[in-house]
Amino acid sequence: MKTDTEAYVIPGLAALTLVLALASLVIGPTGIGLGGGEQAWLILTEIRLPRTLLGLLVGAALGLSGAALQGYLRNPLAEPGIIGISGGAALGAVLAIHTGLAASLVIGLPLGGLIGAAGAMATVLWLAGERGGPITLILAGVAVASLTTALIALVLTLSQNPFAAVEIVYWLMGSLSDRSMTHVWLAAPPILAGLAVLARLGRDLDALTLGEEVATNLGTSLSRLRLLVVAGTALAVGAATAVSGTIGFVGLIVPHILRPLVGHMPSRLLPASALGGAALVLAADLALRIASPGGGIRLGVLTALIGTPFFVWLVVTTRRELAP
Amino acid sequence: MSILIKDARLALGARIVLDGVDIEVPPGRITAVVGPNGAGKSTLLRACAGLLPAQRGTITLTGRPLDALSRAELARAIAYLPQERAVHWPLAARAVVALGRLPHDDADPAAIDRALGAMDIAPLADRPVSQLSGGERARVLVARALAQEAPLLIADEPTAGLDPAHALALFALFERLATEGRTVIVALHDLSLAARFAHHIVLLANGRAAATGPPADVLTPRHLEPAFGVTMLCTNVAGLPIVVPISTLP
């Protein structure tokens, strides 16, 4: 059933994302009027443009991979963190800070994050085995996620340099501030590649609605689908985490809010969630810039503050639906 | 399309379910697979659908080994309806039926409407499947398999949960598909339905095909009683064959 509202979801989200992106270019501590001169141009291109582009890319990566994972695992509580990718990226970045690589090289930090995400992906796929289903993937992901959390804590406690420890803690909270076009150039190719991989999985995720056997009967290769879901998430979310730190709950909330608006169809949820994720991250970043221009509240903290009550509400309603 | 199974061994993990099985599924006919719980009906159907490779022996689809067919070829040749009736998201009934068109990449509205009409669920088309009754949901899933419009239809217990009117209608539909030249394989517990509608019976028991052939030859106390461990009344009422279990054998 394609109702009238469903036809407006994608254009509406696209328009919302566009408006937020423009607002993100215009709004900030330094007011930029029309014809603001050279300084205004510098602020726009060197500070706000990379921040806006990263907001779009990171949000789309989180939203789309959340929708793809929820479709693949057939579980509305799944999000990119559950398969250990964000944890791996965070660990790689933390090691880059700890070893001083991040201080000596501009791309050291994101590079560490990318390597960490790739390592987490390889470990998860190896642990889950060649023929494992969604459950083994979740188990492998949870194992890798707990291990990375423990290793990050270990790095923090072993850190001799208090400034590095503070930097690690701040970085882990997630932020889009003080990023340059270098970060954009580094993160954009893997994020776009990951988005391209995930965006093509709609047909197979639709088929999976009726279970693994029917999906196979409809022509889906389950092992190929799993590989593409994990690889696409590793590229998109790994690179996003590498430049922005961990921004939680976007990948969980966005697909969940949008699902009823697209008739619960996994294929239609993919583009909607990419746009919705971009809009949510841009909106949260804008809210921070307006509410705390000094940078006191971090983006990842804000999304978690919004996300946790939502998660509780999700658990309560799921409990009610499952009650006898 | 015919299926020929030669000396096949089918296993679930380490457990061998069927061994040394030779079965022929004739084209353009309804073949009913019957047998007690755990006899391997679903396993045989999954193997015929190309979802479970044989550990030994061969399974061929009109002369071609199943494992030589590509995923796309299999998806267009065989529609498989499992016993499991999971629909993981509350899609509208029409959207579920439309999934049957995925192998054809066309979402052909005419094929979807035909399938909805055949299963008498056109009035439910816009309702989410989560709000349908068990029997209505079962008909939506049969319609999904019909929408695939494959020459071979494999259905595992398609009448489970259906009321008598819809069960009869479903078999009338299978008969029509067979006269159109399509091949139908169903696993069944209702032996009277099998006796009345199937052209060919495969009786599974104790890990092998205990008997195969026309209903009049296979659905007899001589074959059924040792297979099911139950005394059976096989008779005719008003010209229709009836098979009724009476009491468990000592």
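The values are calculated or read from the model by the stated rules, or taken from the named source; none is laboratory data. Quick caveat, the model's predicted, so the values are computed rather than measured. Virtual Cβ from ideal backbone geometry, glycine too; neighbours counted across all protein chains shown.
Listing for the model above:
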read-out	value
Test: residue in region A:254-269 that is at positive phi, of a type outside the set (Val, Ile, Thr) and within 14 Å of chain B (Cβ to nearest Cβ)	yes
Per-region count, region B:17-36, residues buried (at least 16 other Cβ atoms within 10 Å of the Cβ) and assigned to a strand (DSSP E or B)	11
Selection within region B:45-58 - within 14 Å of chain A (Cβ to nearest Cβ) and not basic (Lys, Arg)	B:Leu45, B:Ala47, B:Cys48, B:Ala49, B:Gly50, B:Leu51, B:Leu52, B:Pro53
Residue in region A:264-299 that is nearest to A:Leu20 (Cα to Cα), counting only those that are touching a Phe, Trp or Tyr at 6+ places or on another chain (Cβ under 9 Å) and surrounded by fewer than 24 Cβ atoms within 10 Å (Cβ to Cβ)	A:Arg298
For B:Ala86: the one exception among (1) assigned to a helix (DSSP H, G or I); (2) closer than 24 Å to B:Ala187 by Cβ	(1)
Answer from B:Ala209, B:Ala205 - the residue that is in contact (Cβ under 8 Å) with a residue 40 or more places away in the chain and in contact with a Gly (Cβ under 7 Å, 6 or more places away or on another chain)	B:Ala205
Residue in region A:134-152 that is of a type in the set (Gly, Ala, Ser) and either in a loop (DSSP other than H, G, I, E, B) or modelled with pLDDT under 90 (or both) present	no
Given (1) in a strand (DSSP E or B); (2) in contact (Cβ under 8 Å) with a residue 40 or more places away in the chain, index of the condition B:Arg196 fails	(1)
Neighbours by Cβ (under 7 Å, 6+ apart or cross-chain): first from region B:72-85, without any contact (Cβ under 8 Å) to a residue 12 or more places away in the chain; second surrounded by fewer than 23 Cβ atoms within 10 Å (Cβ to Cβ)	B:Glu84/A:Gly211
Some residue of region A:33-50 being at pLDDT 95 or above and among the small types (Gly, Ala, Ser)	no
Residue in region A:145-155 that is within 30 Å of A:Leu25 (Cα to Cα), surrounded by fewer than 18 Cβ atoms within 10 Å (Cβ to Cβ) and either away from chain B (no Cβ under 14 Å) or within 23 Å of the chain's Cα centre (by Cα) (or both) present	no
Output for region A:168-194, where each listed residue is closer than 14 Å to A:Thr52 by Cβ, in a helix (DSSP H, G or I) and of a type in the set (Gly, Ala, Ser)	A:Ala187, A:Ala188
Top-ranked residue of region B:125-150 - restricted to ones that are of a type in the set (Lys, Arg) and within 11 Å of chain A (Cβ to nearest Cβ), ranked as farthest from B:Thr62 (Cα to Cα)	B:Arg127
Residues within region B:37-58 that are in a loop (DSSP other than H, G, I, E, B) and surrounded by fewer than 16 Cβ atoms within 10 Å (Cβ to Cβ), tallied	4
Any hit, region A:239-261, residues being polar (S, T, N, Q) and over 11 Å from the mean Cα position of the chain (by Cα)	no
Within region B:82-124, considering residues that are within 9 Å of chain A (Cβ to nearest Cβ) and loosely packed, with under 15 Cβ neighbours inside 10 Å, the one farthest from the chain's Cα centre (by Cα)	B:Asp105
Residue check for B:Ala160: within 17 Å of the chain's Cα centre (by Cα), away from every other protein chain (no Cβ under 14 Å), touching a residue at least 60 places away in the same chain (Cβ under 8 Å) and closer than 30 Å to B:Asn37 by Cβ	yes
Residue list for region A:195-231, restricted to those being among the hydrophobic types (A, V, I, L, M, F, W, C), more than 11 Å from chain B (Cβ to nearest Cβ) and assigned to a loop (DSSP other than H, G, I, E, B)	A:Leu201
Count - residues of region A:272-314 that are over 17 Å from the mean Cα position of the chain (by Cα), farther than 19 Å from A:Leu261 by Cβ, assigned to a helix (DSSP H, G or I) and touching a residue at least 12 places away in the same chain (Cβ under 8 Å)	5
Count of residues meeting criterion [surrounded by 10 or more Cβ atoms within 10 Å (Cβ to Cβ) and assigned to a strand (DSSP E or B)] in region B:230-250	13
Candidate set: region B:13-44, residues that are of a type in the set (S, T, N, Q) and free of Cβ contacts under 8 Å to residues at least 40 places away in the same chain; chosen: the one farthest from the other protein chains (Cβ to nearest Cβ)	B:Asn37
Evaluation of B:Ser133 against (1) more than 30 Å from A:Gly263 (Cβ to Cβ); (2) of a type in the set (S, T, N, Q); (3) free of Cβ contacts under 8 Å to residues at least 40 places away in the same chain (one fails), failing number	(1)
Residue in region A:233-253 that is farthest from the other protein chains (Cβ to nearest Cβ), counting only those that are closer than 14 Å to A:Ile83 by Cβ and out of contact with any Ser or Thr (no Cβ under 7 Å at 6 or more places or on another chain)	A:Gly238
Residue count for region A:161-186, restricted to those that are crowded, with 17+ Cβ neighbours inside 10 Å, in contact with a Ser or Thr (Cβ under 9 Å, 6 or more places away or on another chain) and more than 15 Å from A:Ala90 (Cβ to Cβ)	3
Residue ID - farthest from A:Glu213 (Cα to Cα), chosen from residues in region B:59-80 that are more than 8 Å from chain A (Cβ to nearest Cβ) and either in contact with a Cys (Cβ under 7 Å, 6 or more places away or on another chain) or assigned to a strand (DSSP E or B) (or both)	B:Arg64
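Residues checked against (1) touching a Gly at 6+ places or on another chain (Cβ under 9 Å); (2) small (Gly, Ala, Ser):
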site: A:Ser65; (1), (2): yes, yes
site: A:Ile83; (1), (2): yes, no
site: A:Leu101; (1), (2): yes, no
site: A:Ser104; (1), (2): no, yes
